Amino acid sequence: MEIEAATALGKLIGAGMACTGMGGAAVGVGHVVGNFLSGALRNPSAAAGQTATMFIGIAFAEALGIFSFLVALLLMFAL
């Protein structure tokens, strides 16, 4: 009985640690958008051409957060 409780506790701790990647993704998105806005304020005429690049950067940063969320779900429910 105690071993099962320890295993469940280990799963939840591992899932919580995996979720820190979602916080990292949020920081990454903040950096991408912040740098875009900084550059857009310095050179507004070039901002329109860089909007697609900003969205690609956001998508890559969010993908890492989604992957960490999936790892957390796998740790909680699949093992």
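Worth a mention:
- If you check 68, 45, 38 for being of a type in the set (Ser, Thr, Tyr), part of a helix (DSSP H, G or I) and either buried (at least 16 other Cβ atoms within 10 Å of the Cβ) or on the phi > 0 side of the Ramachandran plot (or both), only one passes: 68.
- Screening the candidates 14, 65, 24 for the property of being touching a residue at least 60 places away in the same chain (Cβ under 8 Å) and within 30 Å of residue 78 (Cα to Cα) yields one hit, 14.
Where a number appears in this text, it was derived from the coordinates with a stated rule and is not lab data. Keep in mind it's a predicted model, so treat the numbers as computed, not measured. As a convention, Cβ positions derive from the backbone with ideal geometry for all residues, glycine included, and neighbour counts pool all protein chains shown.
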